[in-house]
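> Here it is: the structure, laid out below.
The values are calculated or read from the model by the stated rules, or taken from the named source; none is laboratory data. These figures come from a predicted structure and were not determined experimentally. Backbone-built Cβ (ideal geometry, glycine too); neighbour counts: all protein chains shown.
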Amino acid sequence: MAKERAERGKREDKGGEERDSEFIDKLVHINRVAKVVKGGKRFGFAALVVVGDQKGRVGFGHGKAREVPEAVRKATESAKRGLIRVPLREGRTLHHDVDGRWGAGKVTLRTAPPGTGVIAGGPMRAVFESVGMADVVAKSRGSSNPYNMVRATFDALKKQVSPRAVAARRGKKVSEILKNRTADVVAD
């Protein structure tokens, strides 16, 4: 059943071009702005979109236009241009706790045991679902502006380092790095 849906997603849609079904996109925020001109007000829309493949790649984008669908389209294209790869432990959670900040927005991301789920607020939740994270605990402090929260979350995710990368940098084996992780858990 899921395979059939994936096949349908790859087929040509009404526009005649093949849809990009590997990514899911989540609309995080839409802002309506007004420009006062001689004849009245001209309205425009700004959209914030998060795009991910649910396998560790995620990006966000911002688009502005006179109509909502056009703003969302621009934001989605922008998000796909700026994808980052996030290393996930067991494909479901973070390797280590991390803090991120952008402007006045501060976030703390913590690893979680299996079955915890995504415990996070709106804009951060969209990022975690897009990246494919199943278990994470997040806390936002400071600014609740969706743009700042998403950027602070991305700042934290960029600081995420896998044991393989740490082992390569230190010239050690991955097992030596992971051995220390279990010793730290026992010490607590």
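> Go through segment 1-48 and give me each residue that's part of a strand (DSSP E or B), more than 30 Å from Met124 (Cβ to Cβ) and either at pLDDT 70 or above or small (Gly, Ala, Ser) (or both).
The answer is Lys35, Val36, Val37, Gly40, Lys41, Arg42.
> Exactly one condition in (1) of a type outside the set (Phe, Trp, Tyr); (2) within 14 Å of Val161 (Cα to Cα); (3) surrounded by 15 or more Cβ atoms within 10 Å (Cβ to Cβ) is false for Asp97; which is it?
It is condition (3) that Asp97 fails.
> Working carefully through the options Val68, Val51, find the one that is under 23 Å from Arg125 (Cβ atoms), modelled with pLDDT of 90 or more, buried (at least 18 other Cβ atoms within 10 Å of the Cβ) and not assigned by TED's automatic domain parsing to the domain that holds Ala156. Spell out the reasoning first.
Details: Val68 fails: buried (at least 18 other Cβ atoms within 10 Å of the Cβ).
From the options Val68, Val51, the qualifying one is Val51.
> Additional query: Kindly indicate the residue of segment 49-72 that is part of a strand (DSSP E or B) and of a type outside the set (A, V, I, L, M, F, W, C) and also farthest from the chain's Cα centre (by Cα) among those meeting that condition.
Across segment 49-72, the extreme among qualifying residues is Lys64.
> May I pose another question? Return the residue satisfying two criteria in turn: it lies in segment 83-136 and is in contact with a strand residue (DSSP E or B) (Cβ under 7 Å, 6 or more places away or on another chain), acidic (Asp, Glu) and part of a loop (DSSP other than H, G, I, E, B), and of such residues it is nearest to Lys158 (Cα to Cα).
Once the filter is applied, the top-ranked residue is Asp97.
> Let me ask something else about it. Got a sec? Which of Gly105, Gly100, Gly61, Gly40 is among the small types (Gly, Ala, Ser) and more than 21 Å from Ser143 (Cβ to Cβ)?
Gly40
> If you check Arg181, Arg141, which single one turns out to be over 19 Å from Ile84 (Cα atoms), at pLDDT 90 or above, assigned by TED's automatic domain parsing to the domain that holds Gly115 and surrounded by fewer than 16 Cβ atoms within 10 Å (Cβ to Cβ)?
Arg141
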